Amino acid sequence: MPIHVSVENQMPEDLHRAMAAFIADHPQWDQYRLVQSAIAGFLFQQGCKDPSVIRHYWGGLFRREPFSKGGSVLQ
């Protein structure tokens, strides 16, 4: 099993609302998958060639099942 690191983040309320709305409309996504995909996408688009970043980038784009078994975990 891959090692996971917990990250605490503050974001603007309107961005959080947009994320919650997206997740509500796309049940195969959750907040963890969305943030991981966004970070990997940013790093990839900025030229990062690390194979693990590329794997997360492509995996986030094409995975169909929810990331966590509990579904959305927005609070």
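The values are calculated or read from the model by the stated rules, or taken from the named source; none is laboratory data. It should be emphasised that the depicted structure is a prediction, and the values quoted were computed from it without experimental measurement. Using ideal geometry, Cβ is built from the backbone for each residue, glycine included, and neighbour counts are taken over all protein chains shown. Keep in mind that these areas ignore ligands, DNA and RNA; they rest on the heavy atoms of the full protein, side chains included. Shrake-Rupley method; radii C 1.70, N 1.55, O 1.52, S 1.80 Å.
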- Of all residues in region 1-48, how many are modelled with pLDDT under 95 and assigned to a loop (DSSP other than H, G, I, E, B)? 16
- Query: Does residue 63 satisfy the condition of being open to solvent by 50 Å² or more (accessible area, probe 1.4 Å), modelled with pLDDT of 95 or more and more than 10 Å from the chain's Cα centre (by Cα)?
  - Reply: no
- Subset of region 20-30 [of a type outside the set (Phe, Trp, Tyr) and in contact with a Phe, Trp or Tyr (Cβ under 9 Å, 6 or more places away or on another chain)]: 23, 28, 30
- Query: Restricting attention to region 25-39, does a residue exist that is small (Gly, Ala, Ser), loosely packed, with under 14 Cβ neighbours inside 10 Å and farther than 12 Å from residue 60 by Cβ?
  - Reply: no
- Item | Filter result for residue 52 (part of a helix (DSSP H, G or I) and of a type in the set (Ser, Thr, Tyr)) | yes
